[in-house]
Amino acid sequence: MDWGQEAAQRLAEIAECSEAGPGVTRFPFRGEHRAALGHIEGWMARAGLAVHLDAAGTLVGHRAGPAGAQVLLIGSHQDSVRDGGAYDGIMGIVLACLALERIGDRDLPFAVEVLAFADEEGVRFPTALMGSRALAGTFDPGVLDRVDAAGVSLRDALAGFGGDPDSVAGLRRDPGRIRGYLELHIEQGPVLERVGQPVGVVTSICGIERNSLIFRGETGHAGTVPMAARRDALVAAAGLIARLPGLATQWPGLRATVGEMHLHPNVANAIPEEVRLVLEIRAERDADREACAARCRDMAHATAVGAGCSLSIERSYCQNAVACDPGLVSVLTRAAGRDVPQLPSGATHDASAMAELCPMAMLFLRCRGGLSHRPEEYASPEDMGMAIEVLARALEEM
């Protein structure tokens, strides 16, 4: 079998499990998710796995091992962002199933489970990594009461899908029973393409924090209030945003982004009196992230004062950086070849949550143009075939 071509065919088929529109839009616990699970269950069955849906909506495929043996977990997510691509997340599930199909009946010294997580992206509900956090024992039951844009709670959506909200916290695995966690994913960046390599081994997953900022000034008629008399909240916010690119370069590899902003009253002929924005900072080193966040807070206060505005800041999310397990990194490196690139991940993954449970590592695949979270996302059949072989070799070595 041409394993890479088979992967491409499966990804094309499951990409049809999407809302209408460009690319792939597949949110958790909706009809598109249900349709996707039909495909994934079939892949797991072909790989000889026993399949069930857990309380958090994760589809689990289990391959038995020797009596009393530990379990190796291999996972990724099936959901997408709106108008996303056909590879992010779901490709890791496809490749895991194909690697086990490739191994066939050969004995492994451990059991294996393939995990198809329901909600990694956090697009429908204001939370993320629910399935992996449940397994790691870090799930916050309070998020079950959070609602989507239509007012549907995560609790109700999960229950209606066949999950069990009251049992999610009880999914925590015993670390002593887990051999480790592996995840295959497109790089979502340009490094592998630039160095001409199909795969790379991840060394760490960056830390992330998000800060909610509210600049408050005073509205007025855009045609009558003199410039010198204005208290323009957008001017204050823009003063911070304009300085972020230069500030971020002070810490190698750090990323600082304002990707969400809301204005009030948001009309052409009125001065903005309130601006709400989210500042996200990502870095391989938590100390760098925290130092940048402190500088950003000082800058935001300075721009607010300069524009005659007030400012409130609240850190709304924080996830520390995590290092991949050196032993599993070595296994993947040997399986891929001595010259395989090693690189950090600037995006978060279910692997970052699973690191709270067990050793974890990731294999990245080259993606064309470094593009992700958009319809043009692409990994070649040849690269996917290589990744399947790498994973199969790694499993046989472990």
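The values are calculated or read from the model by the stated rules, or taken from the named source; none is laboratory data. These figures come from a predicted structure and were not determined experimentally. Note: ideal-geometry Cβ built from the backbone for every residue, glycine included; neighbour counts use all protein chains shown.
Things to note:
- Scan of the range 194-212 for residues that are modelled with pLDDT of 95 or more, over 14 Å from the mean Cα position of the chain (by Cα) and not polar (S, T, N, Q), ordered by number: R194, V195, G196, P198, V199, G200, V201, V202
- The single condition among (1) of a type in the set (A, V, I, L, M); (2) assigned to a strand (DSSP E or B); (3) touching a Lys or Arg at 6+ places or on another chain (Cβ under 8 Å) that A361 does not satisfy is (3).
- Of all residues making up the range 306-324, the number that are touching a strand residue (DSSP E or B) at 6+ places or on another chain (Cβ under 8 Å) and outside any strand (DSSP E or B): 6
- Selection count where residues are buried (at least 19 other Cβ atoms within 10 Å of the Cβ) and closer than 21 Å to Q319 by Cβ, scope the range 190-209: 7
- Filtered by the rule that a residue be among the charged types (D, E, K, R), without any contact (Cβ under 8 Å) to a residue 60 or more places away in the chain and in a loop (DSSP other than H, G, I, E, B), the range 83-118 gives D105, D107.
- Among the residues here, A56 qualifies as outside any helix (DSSP H, G or I), buried (at least 17 other Cβ atoms within 10 Å of the Cβ) and not acidic (D, E).
- Flag if A36 is buried (at least 21 other Cβ atoms within 10 Å of the Cβ) and assigned to a helix (DSSP H, G or I): yes
- Criterion (hydroxyl-bearing (S, T, Y), crowded, with 20+ Cβ neighbours inside 10 Å and not assigned by TED's automatic domain parsing to the domain that holds V275) met by exactly one of S352, S330: S352
- Hey, E376 farther than 18 Å from C97 by Cα, under 17 Å from the mean Cα position of the chain (by Cα) and either part of a helix (DSSP H, G or I) or in the same structural domain as R10 (by TED's automatic domain parsing) (or both) or not: no
- Candidates R282, R289, R297, R255: the one that is surrounded by fewer than 19 Cβ atoms within 10 Å (Cβ to Cβ) and more than 30 Å from G220 (Cβ to Cβ) is R255.
- Contact annotation: residue pairs with Cβ atoms under 8 Å, 6 or more positions apart or on different chains, pairing a residue in the range 176-201 that is over 19 Å from L391 (Cα atoms) with a partner that is part of a strand (DSSP E or B) and of a type outside the set (K, R), are R177/V71; V191/G200; V191/L343.
- Candidate set: the range 107-154, residues that are basic (K, R) and in contact with a helix residue (DSSP H, G or I) (Cβ under 7 Å, 6 or more places away or on another chain); chosen: the one modelled with the highest pLDDT: R133
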